[in-house]
1. Can you confirm whether Asp90 is under 25 Å from Ala159 (Cβ atoms), among the charged types (D, E, K, R), surrounded by fewer than 24 Cβ atoms within 10 Å (Cβ to Cβ) and more than 16 Å from the ligand (Cβ to nearest atom)?
2. Pairs please, first residue from the stretch 105-134 and over 21 Å from Asp42 (Cα atoms), second anywhere and away from the ligand (no atom under 15 Å from the Cβ) and not basic (Lys, Arg), Cβ atoms under 6 Å, 6+ apart in sequence or on different chains.
3. Going through the stretch 148-181 one residue at a time, which ones are more than 30 Å from Ser345 (Cβ to Cβ) and either within 11 Å of the ligand (Cβ to nearest atom) or of a type in the set (A, V, I, L, M) (or both)?
4. If you scan the stretch 135-147, which residues turn out to be within 11 Å of the ligand (Cβ to nearest atom) and surrounded by 22 or more Cβ atoms within 10 Å (Cβ to Cβ)?
5. Within the stretch 121-134, work out how many residues are within 12 Å of the ligand (Cβ to nearest atom) and farther than 27 Å from Pro354 by Cα.
6. For residues in the stretch 82-137 being acidic (Asp, Glu) and in contact with a helix residue (DSSP H, G or I) (Cβ under 7 Å, 6 or more places away or on another chain), which is nearest to Leu236 (Cα to Cα)?
7. Can you name the condition, by its number, that Glu244 falls short on among (1) within 20 Å of the chain's Cα centre (by Cα); (2) surrounded by 20 or more Cβ atoms within 10 Å (Cβ to Cβ); (3) closer than 24 Å to Ser283 by Cβ?
8. Within the stretch 58-68, track down each residue that is under 18 Å from Arg178 (Cα atoms) and surrounded by 23 or more Cβ atoms within 10 Å (Cβ to Cβ).
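The values are calculated or read from the model by the stated rules, or taken from the named source; none is laboratory data. What you see is a predicted model; the values in this text were computed from it and never measured. Ideal geometry is used to build each Cβ from the backbone, glycine not excepted, and the neighbour counts take in all protein chains shown.
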Amino acid sequence: GKNGYPFYMEKEIMEQPEAIENTIKNRIVGGMPDFTADGVPDTLFTECEHICIVACGTAMHAGLVAQALVKSILHMHIEVQMASEFMYSDPVIDEKTLVIAVSQSGETIDTLEAVKYAKNRGAKCLAIINVKGSSIARESDYVLYTNAGPEIAVASTKAYTTQLAVFYLIVARMAHSRGVFDDAQTQSFVRELQRTPEVMKKVLERRRDIHVVAKKVLGAKDLFMIGRGLDYSILLEGSLKLKEVSYIHSEAYASGELKHGPIALITQDTPVVATVTQEKLMSKELSNIKEVKSRGADVVVFIKESIVGDLAKEYEIFTLPDMQDEFMVLPASVALQLLAYYVSSDKGFDVDKPRNLAKVVTVE
Ligand code: F6R
């Protein structure tokens, strides 16, 4: 049942601290990431030369976050491919490619076909899956289950954040096995990941503040979400979530790219949601936020607590509890899920069953 919540989506958003706990707890041994119980050998991580992530929708967005982490921490070649485009894009993959397939259901046909294609080319395939024994799990060489529990709402929430948690563990394990991280660096990265449930709880406890923010975008027909780097990756997912449950046309845009065209669409009728979670990008992001504000847009900013300064004087703000920058995706995602949820439920929609959508997509 819904455990007293009006919708599964809210229940599943609220379950995330526990879901993340279940994803990581048996995979940390002596403070180190450990996939022994999953049967995933280190050779998978040491023998590959590049990585290709295949997935659809929300699962692909988890892959985009992983891509940023792999580049900045492992300095490896990595690409993220929409599974539906993969086979028709002449992908450059071979025996040296580690293909990582990401899927909640494990039944998405595009992702399943991509895995079969990659295996035919000699690539090793690791799957990150929620549903045990599903088709993609069976087809792949190795599986890391997300252990999020059943996800009933069509809009994916806890599946996404647990996919992220698995990716953080993979990056840590890979960095250690490839000699990029020493023991101490690996343990400190894992310790930060272990803070996630507590940090997410802080966001969830303040969900009423997000409900207040949600009222600001309720009436919008069109909306932009802007950010750079990891902020942009988070917003692609936040924007998909808002689109599918609230039916507001929302576009996530890299904020530096905005002035190369779409800023023409910014008026007082297009609210803008921004995330500012990466200290090194902050000053550029803030100047992009100013640009849209000066075009008349109402701006809502989700910003890391420790860098908020006096921004609340000028903008509608929600502060995100601090984590190290590369982990800020986790609290920010929960906040954006809540934003989409409140807009949808305030509009009186059937949040769990958006029109035209199905939980499992088995047609190409
Ligand atoms: C969005 C959503 C979809 C799925 C996509 C892939 O909320 O749920 O975008 O993420 O259809 O599904 P799985 O993960 O089952 O392969």
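1. On the way: under 25 Å from Ala159 (Cβ atoms): no; among the charged types (D, E, K, R): yes; surrounded by fewer than 24 Cβ atoms within 10 Å (Cβ to Cβ): yes; more than 16 Å from the ligand (Cβ to nearest atom): yes.
When the stated conditions are applied, Asp90 does not pass them.
2. Cβ pairs passing all conditions: Tyr117/Met87; Arg121/Ile93.
3. Filtering the stretch 148-181 down to residues more than 30 Å from Ser345 (Cβ to Cβ) leaves 168-181.
The answer is Leu169, Ile170, Val171, Ala172, Met174, Ala175, Val180.
4. The initial filter retains those residues of the stretch 135-147 that are within 11 Å of the ligand (Cβ to nearest atom), namely 135-136, 146.
Matches in the stretch 135-147: Ile136, Thr146.
5. Taking the stretch 121-134 as the starting set, the residues that turn out to be within 12 Å of the ligand (Cβ to nearest atom) are 127-131, 134.
Add one more test, that the residue is farther than 27 Å from Pro354 by Cα, and what stays is 127.
The qualifying residues number 1.
6. To start, the set of residues in the stretch 82-137 that are acidic (Asp, Glu) comprises 85, 90, 94-95, 107, 110, 113.
Next cut, in contact with a helix residue (DSSP H, G or I) (Cβ under 7 Å, 6 or more places away or on another chain) only: 107, 110, 113.
Working: Glu107: 23, Asp110: 20, Glu113: 24 Å.
The qualifying residue nearest to Leu236 (Cα to Cα) is Asp110.
7. (3)
8. So the first thing to find is which residues in the stretch 58-68 are under 18 Å from Arg178 (Cα atoms), and the list is 66-68.
Of everything in the stretch 58-68, just one residue is under 18 Å from Arg178 (Cα atoms) and surrounded by 23 or more Cβ atoms within 10 Å (Cβ to Cβ), namely Ala66.
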